[in-house]
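Trainee: Okay, here's the structure, questions in a sec.
What follows draws every value from the coordinates through simple rules; no lab data is involved. Fair warning: this is a prediction, and the values are worked out from it, not measured in the lab. All Cβ positions, glycine included, derive from the backbone under ideal geometry; neighbour counts span all protein chains shown.
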Amino acid sequence: QKGILLKIFASPTFGIAGVDPYGGTNLGANISNSSIIGNISTNDDRIVTVSSDGEVFSLTSFFLNTSGFPKQTYDSIYTSPILADLNNDGQRDIIVLSGTKFFAFNASGSLLDYFPVQTTSTTRFLAQPLAADVDGNGSMDIVAVSQEGLVFAYDNRGKLLNGFPLLSGKNNGATPAISLYADTIALVVASDDGNVYAWKTGTVNPTTWKSEWTQYQHDAQGSGLIDSPLSGQPISNSFFPKERAYNYPNPVYGNDPLYGNNTIIRYYLKDDATVKIRIFDLAGDMLKEMNGTGNGGFDNEVKWDVSEIQSGVYFAHIEAKGAKATAETIIKIAVVK
């Protein structure tokens, strides 16, 4: 609760062997649940933890914040996060339940397309989510149970799966489980009413079933560790695909409950690059110049605060310079107050 992470050394033979003599790392936030560890991409291991006031931390093995983090969900978090490659791009994403929403961040801290997802639940989520192909269509889905007992399942485009939400008993923190019996996908939920609910949600070829996080803290040992090999394809083979450059929300009204007075300028880079963003008004006068994140293989995001900006149409010129390529594009941003 003091926001301090400790590094503990262990061995399979002797168990816990000691605590880091240099002490822990103070994140300055109330850590609300168990941390998790996993390989986001090749040679990129992360420690992910969350705070009760909505912060999401992504740390190196030396407890240093990675680029783009921490992130803020602007609502309480009472469950541990999970890691899963939701959009099949060969990179694991950080999935978090906050308030009554599903959040999914990529490794650079940008929200995945179609997220966050607002559920119809009237109560918070207290149990850890899961990630697996629930309906057998070959794509990764997210499953979670709300405190009132509604079982939600969303696909990687933020769409509620057919037949969901399902109804179980009240749930004050019991994580569900997903398993495969022969070719049948089974979803199991234990509830506070003393009952165990089970559903057949689909069928699939066992050799091709996609599943990354199917029970509490990933496995029967409760390790919170995922280190299986990654597969998948990059979002784009283009260095700087112009069709993936946009901003949201657009129009920008200000005082948004999630984004405040900000609009988020988003773009994808295939390779690492230096990014400059320049904002112009209709007269061609430059209002602001910003450095953007330049993480290759991910969607990147930069905030623009419009609290001092008048209503109107503005242009954001985004320029990316990589080791082998240079590209640019212009997007329109509408501000309405």
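Trainee: Relative to the compact globular guide of 2.2 N^0.38 Å, what is the alpha carbon radius of gyration of region 145-194, as a ratio?
Mentor: Dividing the Cα Rg of region 145-194 by 2.2 N^0.38 Å gives 1.21.
Trainee: Here's another thing I want to ask about it. Taking θ = phi - 60°, what integer Hz values does the Karplus form 6.51 cos²θ - 1.76 cosθ + 1.60 yield along region 67-78, in sequence order, with x for Gly and Pro?
Mentor: These are the phi-based 3J(HN,Hα) values: 4, x, 10, x, 10, 10, 9, 6, 7, 5, 10, 10 Hz.
Trainee: What percent of all Cα-Cα pairs in the chain falls into each 10 Å bin, going from 0 up to the bin containing the maximum distance?
Mentor: Per 10 Å bin, starting at 0, the Cα pair percentages come out as 5, 23, 31, 25, 12, 3, 0, 0.
Trainee: What's the Kirkwood radius of region 202-268 in Å, using all Cα pairs?
Mentor: 16.6 Å is the Kirkwood radius here.
Trainee: Which pairs, out of LYS159/LYS242; LYS71/LYS210; LYS242/LYS303; LYS276/LYS303; LYS288/LYS332, put more than 21 Å between their alpha-carbon atoms?
Mentor: Violating the 21 Å limit, Cα to Cα: LYS159/LYS242; LYS71/LYS210.
Trainee: Post the alpha-carbon centroid distance, region 274-337 to region 51-88, in whole angstrom.
Mentor: Cα centroid of region 274-337 versus Cα centroid of region 51-88: 26 Å apart.
Trainee: Using a simple charge model, +1 on the beta-carbon of Lys and Arg, -1 on the beta-carbon of Asp and Glu, nothing else, what dipole does the chain show about its Cα centre, in debye to the nearest 20?
Mentor: For this selection, approximately 300 debye.
Trainee: Need the full-extension length gain, VAL336 to LYS303, defined as separation in residues times 0.36 nm minus the C-alpha distance. One decimal, nm.
Mentor: Fully extending the segment from VAL336 to LYS303 adds 10.2 nm.
Trainee: So who's got an amide H within less than 5 Å of the one on LEU112, skipping anything under 5 residues away but keeping other chains? H placed 1.01 Å off N, in plane.
Mentor: Close amide H contacts, sequence-distant or interchain: ALA104, PHE105, ASN106.
Trainee: Per residue, what volume in Å³ does the Cα convex hull of region 165-241 take up?
Mentor: 179 Å³
Trainee: Expressed as a rounded percentage, what relative contact order does region 242-335 have, with Cα pairs under 8 Å and six or more residues apart?
Mentor: 32 percent
Trainee: Rounded to a whole number, what is D in µm²/s for region 64-143 from Stokes-Einstein with the Kirkwood radius over alpha-carbon pairs (4 °C, 1.567 mPa s)?
Mentor: 98 µm²/s
Trainee: Still on this structure, please answer the following. Using per-residue counts of other Cβ atoms within 10 Å, averaged over each peptide, order 176-187, 92-103 from highest down.
Mentor: Descending packing order for the listed peptides: 92-103, 176-187.
Trainee: Kindly provide the Kirkwood hydrodynamic radius of region 242-335 in Å, to one decimal, from all pairs of distinct alpha carbon atoms.
Mentor: Result for region 242-335, one decimal place: 13.5 Å.
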